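First the structure, then my questions, so here it is.
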Amino acid sequence: MSQTSRPRSRSGNLAAEKLTYAAMLTPALLLLAVFVFIPVALVIYGSLFDFGLTSRDWTFVGLGNYVEAFGDDVFWIALRNNLIIVIGSIVLQVGFGTLLAAVLDRGVRLGRTLMRTIIFAPMVISSVAVGLIWLIILDPNVGPLNAVVKGVGLTPPKLGWLGDPSISIWVVLGIAAWQYTGFMMVLILAGLQAVPKDIYQAAALDGATGLRAFWYITLPSIRNILIVAILITTVGGFKVFDLIFVTTGGGPANSTQVLGTYIYLQAFNIGEMGFANAISVVLLLIAVGLGWLQLKTSRKA
Amino acid sequence: MEQRRFKATSLVLYGFTGLWSLMVLIPIAYMIMAAFKTKRSMFIDPIGWPDALNWESFERAWGVGVGGFMINSVLVTFLSVVVIVIFSGMAAYALTRMPGRSGQIIYLLIVAGFAIPVQAVLVPVFQIMSGAGFLNSRLALVLPYAAYGIPFTVILFYAFFLDFPRELEEAARLDGCTRFQTFLRVILPLSGPAIASAAIFQSVFIWNEFILALLILTKPAFKTLPVGILELQGEFTSDWPAVMAGLTLATLPLLLIFVLAQKYFVRSLAGLGK
């Protein structure tokens, strides 16, 4: 970043230059301060108080909200559900995304762009629309899925796909995979296309083709992109909100509650803003930790 | 023998990608098909084809205000993306050209902002917006959208500006351009690909943004599509064809744009992996 070859370096010019830089940075930094950094400070501060949506008086409770959260079953259910979605999404979205990308990269030729376009398409649909479409497909009364399941002689779940607390979180996981696997596929495909093709030819001479080539050449050469894909999926799994809010609202009986929906419920339906802030801080710590990991891996790459 | 094995393998590979494509396509196709069914046929025969092309559900959905939601979404998305691109461009340029270490320190601060999800600061962001009297204001919603779009865009532009050939800039400086003029007249016009990439990426996210819109826009007249289409569900409790018609109206335009410009979408969103 050396700028020594400047012909004019009068001090007035330099001061003006500094002012220009400051002016160019101000709008972005101001927005970040007001809507990102100050809220971070406020969420930590507010987690030490008891207060409602419209209440003017805040009661200091110290770490009381945290004690309450760690003793709250629903908080642990929410955290567990986030983990189910994170791990399930890594398996489904990154796993199938990698397989689809590998096949589209070298396995098939005809209709490659068409299939890539179709599989990626749900990414541009809002999660709300995706949730509503699946709500109808899975509906116990008018849903086509039940009609198909009954048509082949099986019995659909009695309480409905999303109404049965023992399976609902897994159904939501499936819907998320429907929406995001294409995104992972495209991400990984971009990495695969950067792998020089003559490596495969050289490996073929040594007898490594097909599955063996996938295992020994494809996977190691996209190692970094796979790590990024896993991190993006992990962050996404902790941030999940829209899809669950629309399909189940966290129910039935909190069985699909995640941190995001639980924060929303506590803050804006029940009005326990301080308690919601304490859960938010937990989510914040997880997100910042993952962000730090992401930074470290991208530095290495 | 080799030949046959080769055929079997490619059959499996085509089968796998083909089936996945079909699995993605069927729900979207079903959404469009169900929009043309009647309430009755939806109930009696959920998987049957519609008897005729009934446009009534589209009229009912339109009556809820899908057109208005669309205008709101276009307005909010367009303004947010313009603000994000301009503010991030200026900031990233200043950061890459500032002498000393301060540029790198501020850059790291902005990268840290990228890690913070809005879900984790929901309560204070709501307090700030409502305290400022910004509830039910589409214009004000642009501000947090811009704030959450800036970090990633700065990261993208920062990398781009670092690699930018300095000779062009020096030439402009020798002609008497100030830093800002150089940015406006030399850097921006040559940053087309980076700007397009950032704009597409942010458009997709803001067009679909839900949680902030849910908190800030409570009056139907101001709602964007993601919160607006939830109205459909409330309005038509058992009128699934109308809900599907509304969803079709809400999702098809962006899907069509995507299919036509998929090369650019894919390039833009795949950039997240870098």
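The values are calculated or read from the model by the stated rules, or taken from the named source; none is laboratory data. Please read these numbers as outputs of a predicted model, since none were measured by experiment. Reconstructed Cβ throughout: ideal geometry from the backbone, glycine too, with neighbour counts over all protein chains shown. Heads up: the accessible areas ignore ligands, DNA and RNA and are worked out on the full protein's heavy atoms, side chains in. Shrake-Rupley method; radii C 1.70, N 1.55, O 1.52, S 1.80 Å.
Hey, among the residues in region B:220-264 that are within 7 Å of chain A (Cβ to nearest Cβ) and of a type in the set (Phe, Trp, Tyr), which one's nearest to B:LEU156 (Cα to Cα)?
B:PHE258
Here is a check on your reading of the model: is A:SER280 in contact (Cβ under 8 Å) with a residue 24 or more places away in the chain, in the same structural domain as A:ALA101 (by TED's automatic domain parsing), of a type outside the set (A, V, I, L, M) and surrounded by fewer than 23 Cβ atoms within 10 Å (Cβ to Cβ)?
No; evaluated as a whole, the condition is false for this residue.
Let me spell it out: the conditions are (1) part of a loop (DSSP other than H, G, I, E, B); (2) touching a residue at least 60 places away in the same chain (Cβ under 8 Å); (3) not basic (Lys, Arg), and A:GLY249 meets all of them except one. Which number is the exception?
So A:GLY249 meets the others, but not (2).
May I ask you to verify whether B:VAL74 is more than 10 Å from chain A (Cβ to nearest Cβ) and buried (at least 17 other Cβ atoms within 10 Å of the Cβ)?
no
Considering each residue of region A:51-82, count those that are charged (D, E, K, R) and assigned to a helix (DSSP H, G or I), and give that number.
3
Could you pull out the residue among B:LEU260, B:LEU252 that is open to solvent by 40 Å² or more (accessible area, probe 1.4 Å), more than 16 Å from B:GLY65 (Cα to Cα) and without any contact (Cβ under 8 Å) to a residue 60 or more places away in the chain?
Answer to the check: B:LEU260.
Can you go through A:GLY210, A:GLY260 and tell me which one is open to solvent by 40 Å² or more (accessible area, probe 1.4 Å), out of contact with any Gly (no Cβ under 9 Å at 6 or more places or on another chain) and facing another protein chain (nearest Cβ under 8 Å)?
Among A:GLY210, A:GLY260, only A:GLY210 is open to solvent by 40 Å² or more (accessible area, probe 1.4 Å), out of contact with any Gly (no Cβ under 9 Å at 6 or more places or on another chain) and facing another protein chain (nearest Cβ under 8 Å).
To continue, here is another question. Which residues, taken from region A:267-277, are open to solvent by less than 20 Å² (accessible area, probe 1.4 Å) and facing chain B (nearest Cβ under 9 Å)?
A:ALA267, A:MET273, A:GLY274, A:ALA276, A:ASN277
Can you tell me which residue is most open to solvent (accessible area, probe 1.4 Å) among those in region B:10-53 that are at pLDDT below 85, under 17 Å from A:PRO140 (Cα atoms) and of a type outside the set (Val, Ile, Thr)?
Only one residue tops the list, namely B:ARG40.
Residues to consider are A:LEU14, A:LEU92; find the one that is of a type outside the set (Ser, Thr, Tyr), part of a helix (DSSP H, G or I), more than 7 Å from chain B (Cβ to nearest Cβ) and under 27 Å from A:LEU189 (Cβ atoms).
A:LEU92
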